[in-house]
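Novice: The structure that follows is given in the form of structure tokens.
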Amino acid sequence: MYIHLTDWARNLALALSRTSILKSDDPRIERIVQSCMLLHVRRASRVVTQVYETALADSNLHPMQFLLLVAITRAGPTPVSTLADRLQLDRTTLTRNLTALVDSELVTVSVDSDDRRSRIVTIAPRGRSAIEKSYESWEGAQRKVTKHLGADIQPLIAALNQLSALK
């Protein structure tokens, strides 16, 4: 069930106010609602994801699949574990996402000839074609999101990259 995050935060505040931990008049609740990075980043992430999902719907690609195709194209043939590290995904999540791409013949996964325990992921011709066909839709979503952020999105991207380095 999808719950809007501000509703979620209000529900959390209400639930916490019923406990002895935090009272309803506790300014900590307001501080959480107003400044919690998790709350605001997750809410923005959901909205941005919806914009890209809508834009890419005709391509039959989920935004994550589109980004995986781009990452695999950029990296060239690469071990699944290396790709997972670069994308900051656990291998099981990446493998689950790759399965749909393999099933659609957009990527191939093969055994590494140097290390038979490792799997190499490679973009397939249909994957390159899917990127080309989806590019204009991606561009439209990109324009829609950046319109709300202003012309120079590089400072925001730099800040998000700093957050990604937290681990």
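The values are calculated or read from the model by the stated rules, or taken from the named source; none is laboratory data. Predicted model, so just to flag it, every value in this text is computed and none were measured. Ideal geometry is used to build each Cβ from the backbone, glycine not excepted, and the neighbour counts take in all protein chains shown. Only protein heavy atoms, including side chains, enter the accessible area calculation; ligands, DNA and RNA are left aside. Shrake-Rupley method; radii C 1.70, N 1.55, O 1.52, S 1.80 Å.
Novice: If contacts are Cα pairs under 8 angstrom and at least 6 residues apart, what is the relative contact order of region 51-167 in percent?
Specialist: Computed value for region 51-167: 29 percent relative contact order.
Novice: Which value results when the Cα radius of gyration for the chain is divided by 2.2 N^0.38 Å?
Specialist: With N residues counted in the chain, Rg over 2.2 N^0.38 Å equals 1.31.
Novice: Taking the highest mean first, how do the peptides 36-44, 54-62, 138-146 order by number of other beta carbon atoms within 10 angstrom per residue?
Specialist: Highest mean packing first, the order is 54-62, 138-146, 36-44.
Novice: Something else now. Quote the FRET efficiency, to the nearest 0.05, computed for D112 versus E30 with a Förster distance R0 of 35 Å and r equal to the Cβ-Cβ distance.
Specialist: After rounding, the FRET efficiency stands at 0.10.
Novice: Something else now. For the chain, set up a GNM with springs between Cα atoms under 10 Å and report which of E105, E136, E30 has the largest fluctuation.
Specialist: For the chain, modelled as a Gaussian network with Cα springs under 10 Å, the answer is E30.
Novice: Give me the accessible area per residue for the chain, probe 1.4 Å, as a whole number in Å².
Specialist: 71
Novice: Here's a follow-up. Show that you can apply the helix-only estimate: for the chain, add -39,500 (n - 2.57) for every DSSP H stretch of four or more residues, divide by all residues, and state [θ] at 222 nm to the nearest 500.
Specialist: Mean residue ellipticity at 222 nm (helix-derived): -21500 deg cm²/dmol.
Novice: For I157, what accessible surface area do you get with a 1.4 Å probe? Give it in Å², rounded to 10.
Specialist: I157 has an accessible surface of roughly 70 Å² with all protein chains in place.
Novice: If you roll a 1.4 Å probe over the chain with all protein chains in place, what percent of the accessible area is carbon or sulfur?
Specialist: Values: 6480 of 11790 Å².
For the chain, the apolar C and S fraction of the accessible surface comes to 55 percent.
Novice: Could I ask something else about it? Within 15 Å, Cβ to Cβ, of S129, how many net charges do the neighbouring residues add up to if Lys/Arg are +1 and Asp/Glu are -1?
Specialist: Result for the neighbourhood of S129: -1.
Novice: Rounded, prolate or oblate: pick one for region 89-132, where a ≥ b ≥ c are the square roots of the eigenvalues of its C-alpha gyration tensor, a/c under 1.5 means rounded, and failing that, prolate if a/b is larger than b/c, else oblate.
Specialist: Numbers: a/c = 2.56, a/b = 1.42, b/c = 1.80.
Oblate shape, in that a/c is at least 1.5 and b/c is the bigger or equal ratio.
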